[in-house]
1. If region 331-377 were replaced by its equivalent ellipsoid, with semi-axes equal to the square roots of 5 times the Cα gyration tensor eigenvalues, what would those be, largest first, whole Å?
2. Can you pull the semi-axes for region 393-497, root of five times each eigenvalue of the Cα gyration tensor, sorted largest first, whole Å?
3. Starting from the residue with the highest accessible area, list Asp120, Asp56, Asp354 in decreasing order, probe 1.4 Å.
4. Report the net charge of residues surrounding Ser281, where surrounding means a beta-carbon distance below 13 angstrom and charges are Lys +1, Arg +1, Asp -1, Glu -1.
5. What order, most packed first, do the peptides 477-484, 452-459, 87-94 have when packing is the mean number of other Cβ atoms within 10 Å of each residue?
6. For a quick protection proxy, order the peptides 290-298, 237-245, 41-49 by their average other-Cβ count within 10 Å, most packed first.
7. Which FRET efficiency value, to the nearest 0.05, is calculated for Arg363 and Trp60 with the Förster distance at 25 angstrom and r the Cβ-Cβ distance?
8. When Lys and Arg each count +1 and Asp and Glu each count -1, what net charge do the other residues less than 13 Å away from Cys488, Cβ to Cβ, add up to?
Amino acid sequence: MNTSIHPDTRAPAPHHPHATAPRAVLSRALAIPLVAALVAVLPVTVATQPGPGPHDAAYWLQLATCAYSGTRLAAMVLTARRRLIQGAFWLFCYIAMGIAPLAQTVLDSTPTPVVGPRSDTVLASALVLAGVVAFDVGALLARHRPPLRSRMHERNRRPATVHPRRLYVLCVLAAVGSGVLVVQLGGPAVFFSNRQEISESIAGAAGAEAGSQAGSAFLRGFGTVPALLALLFLTRWLVVSRAARRRPLVPVLWLAMLGLNVVVNNPVSNPRYWFLTVLFSLLFTAFPRSPVMYRAALATGVAVALVVFPFADRFRYEEGADRPRQSTGSLLEPLTMKDYDQTGMLANTVTFVDSGEGHSYGRQLTGTALFFVPRTVWTGKPHDPGTRVGEWMGMPYPNLSSPLWAELWLDFGPLGMALGFAAVGYGAARADRRYARRTAEESRAGPGRWGPGSVAAVAVPLVAGYSFILLRGSLLQGMGRVAIAVLCVSFVTTFRQTAPSPQGLPRGER
(Lines give C-alpha, C1' and ligand atoms only; values in the text may rest on other atoms or scores of the structure.)
Protein backbone atom coordinates (compact mmCIF):
# COMPACT_ATOMS: atom_id res chain seq x y z
CA MET A 1 0.00 0.00 0.00
CA ASN A 2 1.41 3.38 -0.97
CA THR A 3 1.33 5.82 1.96
CA SER A 4 2.58 9.04 0.45
CA ILE A 5 1.63 11.30 3.33
CA HIS A 6 4.20 14.02 3.67
CA PRO A 7 6.08 13.79 7.00
CA ASP A 8 5.79 17.52 7.42
CA THR A 9 2.05 17.44 7.91
CA ARG A 10 1.40 14.52 10.25
CA ALA A 11 3.57 12.78 12.78
CA PRO A 12 1.73 10.05 14.71
CA ALA A 13 3.61 8.42 17.53
CA PRO A 14 5.48 5.35 16.22
CA HIS A 15 4.62 3.19 19.24
CA HIS A 16 0.88 3.90 18.98
CA PRO A 17 -0.35 2.65 15.59
CA HIS A 18 -3.97 3.36 16.53
CA ALA A 19 -3.35 6.89 17.79
CA THR A 20 -5.45 8.41 15.02
CA ALA A 21 -8.39 6.04 15.39
CA PRO A 22 -10.51 8.33 17.63
CA ARG A 23 -9.88 11.19 15.22
CA ALA A 24 -11.08 9.07 12.28
CA VAL A 25 -14.19 7.99 14.20
CA LEU A 26 -14.93 11.61 15.01
CA SER A 27 -14.54 12.55 11.38
CA ARG A 28 -16.93 9.85 10.22
CA ALA A 29 -19.47 10.88 12.86
CA LEU A 30 -19.32 14.53 11.82
CA ALA A 31 -18.92 14.15 8.07
CA ILE A 32 -22.48 13.58 6.88
CA PRO A 33 -24.31 16.17 9.04
CA LEU A 34 -21.59 18.80 8.66
CA VAL A 35 -21.28 18.52 4.90
CA ALA A 36 -25.06 18.43 4.51
CA ALA A 37 -25.49 21.52 6.70
CA LEU A 38 -22.80 23.62 5.03
CA VAL A 39 -23.33 22.54 1.43
CA ALA A 40 -27.09 22.04 1.24
CA VAL A 41 -29.22 22.84 4.29
CA LEU A 42 -28.08 26.38 5.12
CA PRO A 43 -27.72 27.63 1.50
CA VAL A 44 -31.06 26.13 0.47
CA THR A 45 -32.74 27.55 3.57
CA VAL A 46 -31.45 31.02 2.71
CA ALA A 47 -32.24 30.67 -0.99
CA THR A 48 -35.86 29.61 -0.40
CA GLN A 49 -36.75 32.38 2.06
CA PRO A 50 -39.54 34.69 0.83
CA GLY A 51 -38.27 37.89 -0.67
CA PRO A 52 -38.60 40.21 -3.67
CA GLY A 53 -35.12 39.55 -5.05
CA PRO A 54 -34.65 38.24 -8.62
CA HIS A 55 -33.56 34.65 -9.24
CA ASP A 56 -31.13 35.64 -11.99
CA ALA A 57 -27.56 34.67 -12.88
CA ALA A 58 -26.16 36.41 -9.79
CA TYR A 59 -28.49 34.37 -7.58
CA TRP A 60 -27.29 31.06 -9.05
CA LEU A 61 -23.63 32.10 -9.00
CA GLN A 62 -23.91 32.99 -5.32
CA LEU A 63 -25.61 29.68 -4.62
CA ALA A 64 -22.74 27.92 -6.42
CA THR A 65 -20.22 29.86 -4.31
CA CYS A 66 -22.03 28.73 -1.17
CA ALA A 67 -21.88 25.09 -2.25
CA TYR A 68 -18.22 25.25 -3.31
CA SER A 69 -16.91 27.15 -0.29
CA GLY A 70 -19.12 25.08 2.04
CA THR A 71 -17.61 21.89 0.66
CA ARG A 72 -14.09 23.21 1.14
CA LEU A 73 -14.87 24.50 4.64
CA ALA A 74 -16.26 21.08 5.60
CA ALA A 75 -13.07 19.50 4.24
CA MET A 76 -10.98 21.88 6.38
CA VAL A 77 -12.97 20.95 9.49
CA LEU A 78 -12.82 17.21 8.90
CA THR A 79 -9.21 16.89 7.79
CA ALA A 80 -6.68 15.29 10.14
CA ARG A 81 -4.25 18.13 9.40
CA ARG A 82 -4.57 21.62 10.87
CA ARG A 83 -4.71 24.05 7.93
CA LEU A 84 -5.16 27.32 9.74
CA ILE A 85 -4.82 29.92 6.99
CA GLN A 86 -6.79 27.88 4.48
CA GLY A 87 -9.49 27.20 7.06
CA ALA A 88 -9.80 30.92 7.82
CA PHE A 89 -10.02 31.70 4.10
CA TRP A 90 -12.86 29.24 3.49
CA LEU A 91 -14.70 30.38 6.61
CA PHE A 92 -14.63 33.99 5.37
CA CYS A 93 -15.64 33.03 1.83
CA TYR A 94 -18.53 30.85 2.97
CA ILE A 95 -20.10 33.54 5.15
CA ALA A 96 -19.07 36.91 3.71
CA MET A 97 -18.88 36.01 0.01
CA GLY A 98 -21.48 33.22 -0.09
CA ILE A 99 -24.29 33.13 2.46
CA ALA A 100 -24.50 36.88 3.12
CA PRO A 101 -24.72 38.05 -0.54
CA LEU A 102 -27.20 35.25 -1.26
CA ALA A 103 -29.42 36.55 1.55
CA GLN A 104 -29.06 40.10 0.24
CA THR A 105 -30.13 38.97 -3.22
CA VAL A 106 -33.15 37.12 -1.83
CA LEU A 107 -34.28 40.16 0.18
CA ASP A 108 -33.19 42.62 -2.52
CA SER A 109 -31.46 44.62 0.23
CA THR A 110 -27.76 45.51 0.35
CA PRO A 111 -25.75 47.12 3.18
CA THR A 112 -24.19 49.60 0.74
CA PRO A 113 -26.04 50.86 -2.35
CA VAL A 114 -25.01 49.15 -5.59
CA VAL A 115 -24.95 51.97 -8.12
CA GLY A 116 -24.26 50.04 -11.31
CA PRO A 117 -26.48 47.86 -13.48
CA ARG A 118 -27.42 44.35 -12.47
CA SER A 119 -24.88 42.98 -14.93
CA ASP A 120 -22.07 44.34 -12.73
CA THR A 121 -23.45 42.36 -9.78
CA VAL A 122 -23.53 39.26 -11.98
CA LEU A 123 -19.90 39.89 -12.95
CA ALA A 124 -18.93 40.45 -9.30
CA SER A 125 -20.55 37.14 -8.32
CA ALA A 126 -18.64 35.39 -11.11
CA LEU A 127 -15.38 37.02 -9.97
CA VAL A 128 -15.95 35.75 -6.42
CA LEU A 129 -16.42 32.19 -7.65
CA ALA A 130 -13.39 32.46 -9.96
CA GLY A 131 -11.26 33.74 -7.07
CA VAL A 132 -12.09 30.87 -4.72
CA VAL A 133 -11.43 28.31 -7.46
CA ALA A 134 -8.08 29.98 -8.25
CA PHE A 135 -7.17 29.87 -4.55
CA ASP A 136 -7.91 26.15 -4.54
CA VAL A 137 -5.74 25.61 -7.62
CA GLY A 138 -2.84 27.39 -5.94
CA ALA A 139 -3.25 25.28 -2.79
CA LEU A 140 -3.26 22.10 -4.88
CA LEU A 141 -0.05 23.15 -6.63
CA ALA A 142 1.60 23.63 -3.24
CA ARG A 143 0.97 19.99 -2.35
CA HIS A 144 3.60 18.84 -4.82
CA ARG A 145 6.94 18.22 -3.20
CA PRO A 146 9.77 20.56 -4.13
CA PRO A 147 12.79 19.13 -5.97
CA LEU A 148 15.20 16.94 -4.01
CA ARG A 149 17.81 19.69 -3.72
CA SER A 150 15.27 22.08 -2.23
CA ARG A 151 14.10 19.47 0.26
CA MET A 152 17.66 18.71 1.35
CA HIS A 153 18.44 22.43 1.68
CA GLU A 154 15.34 22.99 3.80
CA ARG A 155 16.17 19.97 5.94
CA ASN A 156 19.65 21.27 6.69
CA ARG A 157 18.52 24.83 7.33
CA ARG A 158 18.05 25.79 10.95
CA PRO A 159 14.49 26.79 11.83
CA ALA A 160 13.64 30.29 12.94
CA THR A 161 13.14 30.32 16.70
CA VAL A 162 12.38 32.95 19.33
CA HIS A 163 15.31 34.42 21.25
CA PRO A 164 14.42 34.46 25.00
CA ARG A 165 16.21 37.69 25.91
CA ARG A 166 14.76 39.53 22.94
CA LEU A 167 11.35 38.31 24.01
CA TYR A 168 11.90 39.94 27.40
CA VAL A 169 12.73 43.20 25.62
CA LEU A 170 9.57 42.84 23.50
CA CYS A 171 7.52 42.55 26.71
CA VAL A 172 9.03 45.82 27.93
CA LEU A 173 8.32 47.52 24.59
CA ALA A 174 4.76 46.19 24.66
CA ALA A 175 4.21 47.59 28.14
CA VAL A 176 5.58 50.98 27.03
CA GLY A 177 3.50 51.10 23.83
CA SER A 178 0.28 50.05 25.54
CA GLY A 179 1.00 52.39 28.43
CA VAL A 180 1.38 55.35 26.07
CA LEU A 181 -1.90 54.44 24.36
CA VAL A 182 -3.74 54.16 27.69
CA VAL A 183 -2.36 57.48 28.92
CA GLN A 184 -3.12 59.28 25.65
CA LEU A 185 -6.72 58.08 25.72
CA GLY A 186 -7.34 59.06 29.31
CA GLY A 187 -7.05 55.82 31.25
CA PRO A 188 -8.15 52.17 31.08
CA ALA A 189 -11.84 52.99 31.56
CA VAL A 190 -12.07 54.34 28.00
CA PHE A 191 -11.31 50.87 26.65
CA PHE A 192 -14.44 49.45 28.26
CA SER A 193 -16.90 52.09 27.09
CA ASN A 194 -17.65 51.73 23.38
CA ARG A 195 -15.86 51.86 20.06
CA GLN A 196 -17.18 55.29 19.14
CA GLU A 197 -15.71 56.92 22.23
CA ILE A 198 -12.31 55.27 21.85
CA SER A 199 -12.13 56.22 18.16
CA GLU A 200 -12.82 59.83 19.05
CA SER A 201 -10.18 59.69 21.79
CA ILE A 202 -7.56 58.26 19.42
CA ALA A 203 -8.35 60.88 16.79
CA GLY A 204 -8.04 63.60 19.42
CA ALA A 205 -4.73 62.22 20.68
CA ALA A 206 -3.27 62.08 17.17
CA GLY A 207 -4.63 65.45 16.06
CA ALA A 208 -7.75 66.64 14.30
CA GLU A 209 -6.29 67.05 10.83
CA ALA A 210 -7.00 64.64 8.00
CA GLY A 211 -3.34 63.71 7.89
CA SER A 212 -3.55 62.44 11.46
CA GLN A 213 -5.14 59.16 10.33
CA ALA A 214 -1.69 57.64 9.85
CA GLY A 215 -0.64 58.91 13.28
CA SER A 216 -3.71 57.45 14.98
CA ALA A 217 -3.19 54.13 13.17
CA PHE A 218 0.41 53.89 14.40
CA LEU A 219 -0.60 54.97 17.91
CA ARG A 220 -3.17 52.20 18.09
CA GLY A 221 -0.90 49.70 16.33
CA PHE A 222 2.03 50.15 18.71
CA GLY A 223 -0.38 50.00 21.63
CA THR A 224 -2.00 46.70 20.61
CA VAL A 225 0.23 44.59 18.33
CA PRO A 226 3.39 44.20 20.51
CA ALA A 227 1.20 43.32 23.50
CA LEU A 228 -0.57 40.61 21.51
CA LEU A 229 2.66 39.16 20.09
CA ALA A 230 4.35 39.13 23.49
CA LEU A 231 1.37 37.22 24.91
CA LEU A 232 1.45 34.72 22.02
CA PHE A 233 5.19 34.07 22.29
CA LEU A 234 4.99 33.64 26.07
CA THR A 235 2.00 31.32 25.67
CA ARG A 236 3.93 29.18 23.22
CA TRP A 237 6.94 29.14 25.54
CA LEU A 238 4.85 27.87 28.44
CA VAL A 239 3.31 25.20 26.19
CA VAL A 240 6.59 23.74 24.90
CA SER A 241 8.90 24.16 27.89
CA ARG A 242 8.54 22.61 31.32
CA ALA A 243 11.54 24.63 32.49
CA ALA A 244 9.75 27.87 31.57
CA ARG A 245 6.71 26.82 33.58
CA ARG A 246 8.89 26.20 36.62
CA ARG A 247 10.69 29.52 36.34
CA PRO A 248 8.62 32.31 38.01
CA LEU A 249 9.61 35.07 35.57
CA VAL A 250 7.89 33.58 32.52
CA PRO A 251 4.45 32.94 34.13
CA VAL A 252 4.56 36.38 35.76
CA LEU A 253 5.29 38.03 32.42
CA TRP A 254 2.48 36.00 30.84
CA LEU A 255 0.00 37.21 33.46
CA ALA A 256 1.18 40.80 32.94
CA MET A 257 0.75 40.56 29.16
CA LEU A 258 -2.64 38.90 29.59
CA GLY A 259 -3.82 41.80 31.75
CA LEU A 260 -2.45 44.28 29.23
CA ASN A 261 -4.36 42.59 26.39
CA VAL A 262 -7.57 42.54 28.42
CA VAL A 263 -7.33 46.33 28.43
CA VAL A 264 -6.08 47.24 24.94
CA ASN A 265 -7.39 44.27 22.89
CA ASN A 266 -10.79 43.66 24.44
CA PRO A 267 -13.84 43.12 22.17
CA VAL A 268 -15.76 46.16 23.43
CA SER A 269 -13.53 48.92 22.08
CA ASN A 270 -11.84 47.13 19.17
CA PRO A 271 -13.08 46.23 15.70
CA ARG A 272 -14.66 42.82 15.69
CA TYR A 273 -12.30 41.51 13.02
CA TRP A 274 -9.30 42.51 15.14
CA PHE A 275 -10.70 40.73 18.18
CA LEU A 276 -11.27 37.70 15.95
CA THR A 277 -7.56 37.89 15.14
CA VAL A 278 -6.71 37.95 18.84
CA LEU A 279 -9.01 35.01 19.58
CA PHE A 280 -7.90 32.80 16.67
CA SER A 281 -4.19 33.41 17.16
CA LEU A 282 -4.30 32.79 20.91
CA LEU A 283 -6.40 29.65 20.52
CA PHE A 284 -4.17 28.05 17.89
CA THR A 285 -0.99 29.09 19.69
CA ALA A 286 -2.12 27.48 22.94
CA PHE A 287 -3.55 24.33 21.28
CA PRO A 288 -1.51 23.76 18.10
CA ARG A 289 -2.03 20.00 17.91
CA SER A 290 -5.63 19.69 19.11
CA PRO A 291 -8.04 18.57 16.37
CA VAL A 292 -10.96 19.25 18.69
CA MET A 293 -10.00 22.91 19.13
CA TYR A 294 -9.33 23.33 15.42
CA ARG A 295 -12.66 21.86 14.37
CA ALA A 296 -14.57 23.66 17.09
CA ALA A 297 -13.03 27.01 16.05
CA LEU A 298 -14.06 26.67 12.40
CA ALA A 299 -17.49 25.19 13.10
CA THR A 300 -18.25 27.75 15.80
CA GLY A 301 -16.99 30.51 13.54
CA VAL A 302 -19.98 29.96 11.24
CA ALA A 303 -22.43 30.46 14.09
CA VAL A 304 -20.54 33.47 15.43
CA ALA A 305 -20.48 35.15 12.02
CA LEU A 306 -24.19 34.55 11.46
CA VAL A 307 -25.46 35.39 14.95
CA VAL A 308 -22.96 37.39 17.02
CA PHE A 309 -21.40 39.75 14.49
CA PRO A 310 -24.60 41.32 13.12
CA PHE A 311 -25.87 42.09 16.63
CA ALA A 312 -22.60 43.39 18.09
CA ASP A 313 -23.16 47.00 16.94
CA ARG A 314 -24.70 47.83 20.33
CA PHE A 315 -21.14 47.97 21.75
CA ARG A 316 -19.84 50.31 19.05
CA TYR A 317 -21.96 53.40 19.63
CA GLU A 318 -23.23 55.46 22.50
CA GLU A 319 -26.87 55.26 23.47
CA GLY A 320 -28.90 57.63 21.35
CA ALA A 321 -26.18 57.98 18.71
CA ASP A 322 -26.86 57.43 15.06
CA ARG A 323 -26.25 53.76 14.37
CA PRO A 324 -27.48 51.11 11.95
CA ARG A 325 -31.02 50.01 12.63
CA GLN A 326 -31.71 46.30 12.80
CA SER A 327 -35.12 45.18 11.67
CA THR A 328 -36.60 41.86 12.73
CA GLY A 329 -38.83 41.51 9.70
CA SER A 330 -36.86 38.54 8.38
CA LEU A 331 -34.46 35.99 9.75
CA LEU A 332 -32.04 37.04 7.01
CA GLU A 333 -32.14 40.73 7.92
CA PRO A 334 -28.91 40.65 10.01
CA LEU A 335 -26.99 39.52 6.90
CA THR A 336 -27.92 42.75 5.13
CA MET A 337 -26.01 44.87 7.65
CA LYS A 338 -22.77 46.69 6.89
CA ASP A 339 -20.48 43.85 8.05
CA TYR A 340 -21.23 42.00 4.82
CA ASP A 341 -20.98 44.60 2.07
CA GLN A 342 -18.07 42.88 0.29
CA THR A 343 -19.88 41.58 -2.81
CA GLY A 344 -21.75 44.86 -3.22
CA MET A 345 -18.50 46.82 -3.00
CA LEU A 346 -16.92 44.50 -5.55
CA ALA A 347 -19.80 45.27 -7.90
CA ASN A 348 -19.32 48.99 -7.24
CA THR A 349 -15.60 48.63 -7.97
CA VAL A 350 -16.45 46.99 -11.31
CA THR A 351 -18.73 49.92 -12.11
CA PHE A 352 -16.04 52.36 -10.92
CA VAL A 353 -13.49 50.85 -13.30
CA ASP A 354 -15.94 50.78 -16.21
CA SER A 355 -16.95 54.41 -15.65
CA GLY A 356 -13.68 55.61 -17.12
CA GLU A 357 -11.25 55.23 -14.21
CA GLY A 358 -9.82 52.03 -15.69
CA HIS A 359 -7.44 49.55 -14.08
CA SER A 360 -4.46 50.93 -12.19
CA TYR A 361 -2.05 48.11 -13.26
CA GLY A 362 -0.24 47.76 -9.96
CA ARG A 363 -0.32 51.37 -8.85
CA GLN A 364 -2.83 50.71 -6.07
CA LEU A 365 -0.82 47.76 -4.76
CA THR A 366 2.36 49.83 -4.89
CA GLY A 367 0.69 52.50 -2.80
CA THR A 368 -0.30 49.82 -0.29
CA ALA A 369 3.23 48.42 -0.10
CA LEU A 370 4.66 51.94 0.32
CA PHE A 371 2.01 53.01 2.83
CA PHE A 372 4.68 54.57 5.05
CA VAL A 373 5.67 57.15 2.43
CA PRO A 374 4.00 60.48 3.40
CA ARG A 375 1.77 62.19 0.86
CA THR A 376 3.91 65.30 1.13
CA VAL A 377 6.66 63.30 -0.57
CA TRP A 378 4.43 61.27 -2.91
CA THR A 379 1.69 63.68 -3.92
CA GLY A 380 0.03 61.20 -6.26
CA LYS A 381 -0.09 58.39 -3.74
CA PRO A 382 -3.34 56.41 -4.23
CA HIS A 383 -5.95 56.54 -1.51
CA ASP A 384 -7.74 53.64 0.10
CA PRO A 385 -9.78 51.82 -2.62
CA GLY A 386 -12.91 51.70 -0.46
CA THR A 387 -12.65 55.43 0.13
CA ARG A 388 -12.05 56.13 -3.56
CA VAL A 389 -15.07 54.13 -4.66
CA GLY A 390 -17.19 55.52 -1.81
CA GLU A 391 -16.38 59.14 -2.70
CA TRP A 392 -17.11 58.40 -6.36
CA MET A 393 -20.48 56.99 -5.26
CA GLY A 394 -21.18 60.09 -3.16
CA MET A 395 -21.39 58.18 0.11
CA PRO A 396 -21.35 60.34 3.26
CA TYR A 397 -19.11 57.94 5.21
CA PRO A 398 -15.73 56.63 3.95
CA ASN A 399 -15.46 53.43 6.00
CA LEU A 400 -16.36 50.99 3.23
CA SER A 401 -14.77 47.62 2.70
CA SER A 402 -12.62 46.76 -0.27
CA PRO A 403 -12.31 42.96 -0.43
CA LEU A 404 -9.24 41.35 -1.90
CA TRP A 405 -11.23 40.48 -5.03
CA ALA A 406 -11.90 44.21 -5.59
CA GLU A 407 -8.28 45.23 -4.95
CA LEU A 408 -6.88 42.69 -7.41
CA TRP A 409 -9.58 43.50 -9.99
CA LEU A 410 -8.90 47.21 -9.68
CA ASP A 411 -5.20 46.69 -10.28
CA PHE A 412 -4.91 43.79 -12.71
CA GLY A 413 -8.29 42.85 -14.19
CA PRO A 414 -9.75 39.32 -14.30
CA LEU A 415 -6.60 37.40 -15.28
CA GLY A 416 -4.46 39.20 -12.73
CA MET A 417 -7.08 38.61 -10.06
CA ALA A 418 -7.12 34.87 -10.76
CA LEU A 419 -3.30 34.67 -10.71
CA GLY A 420 -3.25 36.68 -7.49
CA PHE A 421 -5.61 34.29 -5.74
CA ALA A 422 -3.64 31.30 -7.02
CA ALA A 423 -0.52 32.86 -5.46
CA VAL A 424 -2.37 33.48 -2.19
CA GLY A 425 -3.58 29.86 -2.13
CA TYR A 426 -0.08 28.57 -2.82
CA GLY A 427 1.42 30.68 -0.04
CA ALA A 428 -1.32 29.73 2.42
CA ALA A 429 -0.82 26.02 1.81
CA ARG A 430 2.95 26.30 2.19
CA ALA A 431 2.60 28.27 5.43
CA ASP A 432 0.14 25.71 6.82
CA ARG A 433 2.60 22.92 6.04
CA ARG A 434 5.39 24.83 7.76
CA TYR A 435 3.19 25.30 10.84
CA ALA A 436 2.30 21.60 10.95
CA ARG A 437 5.93 20.57 10.57
CA ARG A 438 7.28 22.88 13.28
CA THR A 439 4.59 22.05 15.81
CA ALA A 440 5.08 18.32 15.15
CA GLU A 441 8.84 18.65 15.71
CA GLU A 442 8.29 20.49 18.99
CA SER A 443 5.73 17.90 20.05
CA ARG A 444 8.23 15.10 19.44
CA ALA A 445 10.91 17.01 21.36
CA GLY A 446 8.67 17.04 24.43
CA PRO A 447 8.30 19.63 27.20
CA GLY A 448 11.91 19.27 28.39
CA ARG A 449 13.24 21.84 25.93
CA TRP A 450 14.12 25.36 27.05
CA GLY A 451 13.55 27.89 24.28
CA PRO A 452 10.25 29.60 23.43
CA GLY A 453 9.96 27.50 20.28
CA SER A 454 9.45 28.08 16.58
CA VAL A 455 8.47 31.45 15.16
CA ALA A 456 6.12 29.74 12.69
CA ALA A 457 4.11 28.25 15.57
CA VAL A 458 3.02 31.79 16.47
CA ALA A 459 3.27 33.64 13.15
CA VAL A 460 0.96 31.29 11.22
CA PRO A 461 -1.92 31.49 13.76
CA LEU A 462 -1.53 35.28 13.75
CA VAL A 463 -1.71 35.38 9.93
CA ALA A 464 -4.74 33.07 9.98
CA GLY A 465 -6.58 35.39 12.33
CA TYR A 466 -5.53 38.57 10.55
CA SER A 467 -6.51 37.14 7.16
CA PHE A 468 -10.13 38.05 7.96
CA ILE A 469 -9.10 41.71 7.96
CA LEU A 470 -6.98 41.42 4.81
CA LEU A 471 -9.70 39.55 2.90
CA ARG A 472 -12.36 42.07 3.93
CA GLY A 473 -10.09 44.99 3.04
CA SER A 474 -8.85 47.31 2.46
CA LEU A 475 -5.20 46.25 2.41
CA LEU A 476 -4.05 49.81 2.99
CA GLN A 477 -5.94 50.03 6.29
CA GLY A 478 -4.38 46.78 7.50
CA MET A 479 -0.77 47.57 6.58
CA GLY A 480 0.03 49.53 9.73
CA ARG A 481 -0.48 46.57 12.04
CA VAL A 482 1.18 44.23 9.54
CA ALA A 483 4.33 46.37 9.49
CA ILE A 484 4.47 46.57 13.29
CA ALA A 485 3.97 42.79 13.57
CA VAL A 486 6.77 42.14 11.04
CA LEU A 487 9.12 44.39 13.02
CA CYS A 488 8.30 42.64 16.29
CA VAL A 489 8.65 39.13 14.83
CA SER A 490 11.94 40.04 13.11
CA PHE A 491 13.28 41.45 16.37
CA VAL A 492 12.75 38.25 18.40
CA THR A 493 13.75 35.82 15.61
CA THR A 494 17.03 33.96 15.68
CA PHE A 495 18.46 31.09 13.63
CA ARG A 496 20.87 30.02 16.35
CA GLN A 497 20.15 27.35 18.89
CA THR A 498 19.60 29.15 22.19
CA ALA A 499 20.51 27.49 25.48
CA PRO A 500 19.97 28.83 28.98
CA SER A 501 22.77 29.54 31.37
CA PRO A 502 22.87 27.42 34.54
CA GLN A 503 21.69 30.45 36.50
CA GLY A 504 18.65 30.75 34.23
CA LEU A 505 17.34 27.27 35.01
CA PRO A 506 15.39 26.14 38.06
CA ARG A 507 17.44 24.26 40.65
CA GLY A 508 16.19 20.86 39.55
CA GLU A 509 17.14 21.52 35.90
CA ARG A 510 20.79 22.58 36.47
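The values are calculated or read from the model by the stated rules, or taken from the named source; none is laboratory data. Since the model is a prediction, treat every value here as computed from it, not as a measurement. Please note: Cβ atoms are built from the backbone with ideal geometry, for glycine as well, and neighbour counts cover all protein chains shown. Quick note on the areas: whole protein, heavy atoms, side chains included, nothing else; ligands and nucleic acids left out. Shrake-Rupley method; radii C 1.70, N 1.55, O 1.52, S 1.80 Å.
1. 30, 17, 8
2. Working: eigenvalues 237, 58, 23 Å².
Equivalent ellipsoid of region 393-497: 34, 17, 11 Å, largest first.
3. Working: Asp120 15, Asp56 40, Asp354 100 Å².
Result, largest first: Asp354, Asp56, Asp120.
4. Working: positive: Arg236, Arg481; negative: none.
Counting the neighbours of Ser281, the net charge comes to +2.
5. Details: 477-484: 19.9, 452-459: 24.9, 87-94: 27.4.
Ranked from most to least packed, the peptides come out as 87-94, 452-459, 477-484.
6. Numbers: 290-298: 18.0, 237-245: 21.2, 41-49: 16.4.
My ranking of the peptides, most packed first, is 237-245, 290-298, 41-49.
7. Values: r = 35 Å, r/R0 = 1.39.
Using R0 = 25 Å, I get an efficiency of 0.10.
8. On the way: positive: Arg166, Arg481; negative: none.
Every neighbour counted, the sum reads +2.
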